[in-house]
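Visitor: Take a look at the following structure, please.
The values are calculated or read from the model by the stated rules, or taken from the named source; none is laboratory data. Computed from a prediction, not measured in an experiment: that's the story for all the values here. Cβ placement follows ideal geometry from the backbone for every residue including glycine, while neighbour counts extend to all protein chains displayed. Protein only, heavy atoms only, side chains kept; ligands, DNA and RNA dropped before computing areas. Shrake-Rupley method; radii C 1.70, N 1.55, O 1.52, S 1.80 Å.
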Amino acid sequence: MRLASKPAKSTDMASIAGSFASGISRPIFALAFLFYLLFIPEQFNTTIFGMYISPYRIFLIGSSVFVIRHALQSRIVWAWPDLLIVVGVFWIWLSSYFISGEVSVMFARGGAHFIDIALGYFLVRASISTSRDFRHFLVLIAPAVATIGLIVAIESVSHRLFVSEIASAITGVSAKVRYDVRMGLARGVGPFPHPILCGIFLASFLPIYLISGLRGWPKVAGALGSVGAVFTMSTAAALGLNLGVLLLGYDWFTERFRNVTWSLFVSFGGMLYLAVEIASNSGAYGLMVRYVALNAGSAYNRVLIWRFGTESILQNPWLGIGYDDWDRPMWMHSGSFDHFWLILALRFGIPALVCFLLASLLALAMIMRRSTKSTQVDARLMRGVAISLAIFVIGVCSVSLWLAPLVWFFMLVGVGVSLAVSPEARTALAPPQPPAIHLNRRPRRSRSSPARA
C-alpha cells in the first residue's frame, strides 16, 4: 500500500504544478524571463554605436513586435500615463539631438532610454491585465528576489563581492563596483553596478509580497529577499524599508478605523512638508538627507547636489545640458549626481522631468483610487503596489537610476496603471463600508480567503 501511494502522490503534485503553469499566460512567462535577465552583470554588456547592448535590452527590442501588435489590436486600455511616457521619451530624443547636434548621439541616448523606459513600461501594459496576472508574475520572480537578497547578505558578511568577481573572471572585463565598508559590513551589491541601486530595488518588493494575497513560499521568499536590502548599507535602502513598514502599518489602521484614511495621510503629509520647507533653512530635502543618511559625507554632498544642480537646471530649463559636466564649485571633485528626478531635468530639460514624474504620480493616484472599488484581497494588492511605487518615487531623490533598476521602476509604474484600468477593477463594486465612528475599532469583517496564484 505504501509503495503504491508514493507514485500517486507525485502524480498529484505533477498535476498541480501543471495546472498552475497552464493557468499562466505566455506574456507573463516572458515578463518573468525579462526580470531574470535584469540580473546579468554589466560585465556581459557590449557597446554598439555608442549604446550599451545588454541581454535584457535585446529581449526588449524583440518584444516590441508583441507590444505594437497588442496596441494595434486595441488590447491595451489607454490612460494618461501612457501618453506622458511617450512624450517624455520623445523629449529625450529631441534634447539629445539639439544638445549634441549629432544623429548618432541622438540614437544612442534616445534609443537607450526608449528601450529601458518605454519598452519596459509598455511590455507590462500589454502583458498584465488583471490582478491574477500580476500574482502569477510575483510567484515566478519570487526565487530571483530571494536569491539576490541572500547573495547580498553573504557578500556583506563575507566582505567579498563575489558576483562581480565571477563575472569579471568569465568576461575578462574588470568590475566597476567600488568596495566599501560601513559599520563593519561590506556594502553588498549582487549583480548591480552600485549598492544603492541594489538596495532600492530590493526594498521595493517588501510591501508587494506582504499584502499581495499570496501564501506559502512565494510570500516568504519575496519578503525575506526584500529585507536583504539592509546589507547594501545604503540610505535609500534604509529609507525604503522603513517607509514601507510605516505605510504598511498605516494601511493596517485604515482597515480597522473608519476615520483613518489615506486622504488624511496625504493631506497631513503635504501640510507637514510645506511647514518644514518654510521653517527650515535647508528645506525639507536637505533636512531629510541630513538626518536619514547613514554617511555624513554623502549627506552633505547630496545637499550640495540639490543646491548647485537646481541652479544648473534653471540656466538650461528646456533641453538641459545632455551628458556634459554640470556647473559646481571646483572643490566638488566628484561629478556624481545622486538624484534621479533632478538629473532628468539636468540632462534633458524640465519637460522630461514633468512627464515622467507626473506619469508616476498619476499611476500612484489611479491605483489607490481603484483600490477603493475592489474586493478586499485585490485592494490590498493594489495598495501594496502603490506603497512600493511611492517608495521608489521618494527613494530616487537620493540615487540616480540606470540600467536594470531603471527598467524595474517603469515596469512598476506600468503595473500600477494596468491594475488601475483592468476590466475587473472597472467592474468591481465597492466593498460595504462600516458607519463612521470616531477612532473606534471597525466591526470585524469575515476574512476573505487570499487569492491563490
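Visitor: Does Val173 meet the test of being open to solvent by 10 Å² or more (accessible area, probe 1.4 Å), aliphatic (A, V, I, L, M) and either touching a strand residue (DSSP E or B) at 6+ places or on another chain (Cβ under 6 Å) or part of a loop (DSSP other than H, G, I, E, B) (or both)?
Guide: Here the answer is yes, as Val173 does meet what is asked.
Visitor: Contact list please: Cβ distance under 7 Å, first residue in the range 242-257 and over 18 Å from Thr372 (Cβ atoms), second residue open to solvent by less than 60 Å² (accessible area, probe 1.4 Å) and of a type in the set (Gly, Ala, Ser), pairs at least six apart or on different chains.
Guide: Close Cβ pairs (under 7 Å, with a partner that is open to solvent by less than 60 Å² (accessible area, probe 1.4 Å) and of a type in the set (Gly, Ala, Ser)) amount to Gly244/Ala203.
Visitor: Read through the list (1) under 30 Å from Trp318 (Cβ atoms); (2) under 11 Å from the mean Cα position of the chain (by Cα), then give the number of the only condition that Ile391 fails.
Guide: Of (1) under 30 Å from Trp318 (Cβ atoms); (2) under 11 Å from the mean Cα position of the chain (by Cα), only one is false for Ile391: (1).
Visitor: Assess whether Phe59 counts as being hydrophobic (A, V, I, L, M, F, W, C), modelled with pLDDT of 95 or more, in a helix (DSSP H, G or I) and open to solvent by 10 Å² or more (accessible area, probe 1.4 Å).
Guide: Here the answer is yes, as Phe59 does meet what is asked.
Visitor: Let me ask you something else. Output yes when any residue across the range 293-310 is modelled with pLDDT of 95 or more and either part of a loop (DSSP other than H, G, I, E, B) or more than 30 Å from Ser96 (Cα to Cα) (or both), and no when none is.
Guide: no
Visitor: Going by the structure shown, is Arg369 among the basic types (Lys, Arg) and touching a Gly at 6+ places or on another chain (Cβ under 7 Å)?
Guide: no
Visitor: Continuing with this model, one more query. Tally the residues that are crowded, with 20+ Cβ neighbours inside 10 Å and among the aromatic types (Phe, Trp, Tyr), restricting the search to the range 152-170.
Guide: 0
Visitor: Of the residues Gly149, Gly199, Gly188, which is part of a loop (DSSP other than H, G, I, E, B), surrounded by 24 or more Cβ atoms within 10 Å (Cβ to Cβ) and small (Gly, Ala, Ser)?
Guide: Gly188
Visitor: Moving to a separate point now. Could you list, in sequence order, all residues of the range 70-97 that are among the β-branched types (Val, Ile, Thr) and open to solvent by 20 Å² or more (accessible area, probe 1.4 Å)?
Guide: Result: Val77, Val86, Val87.
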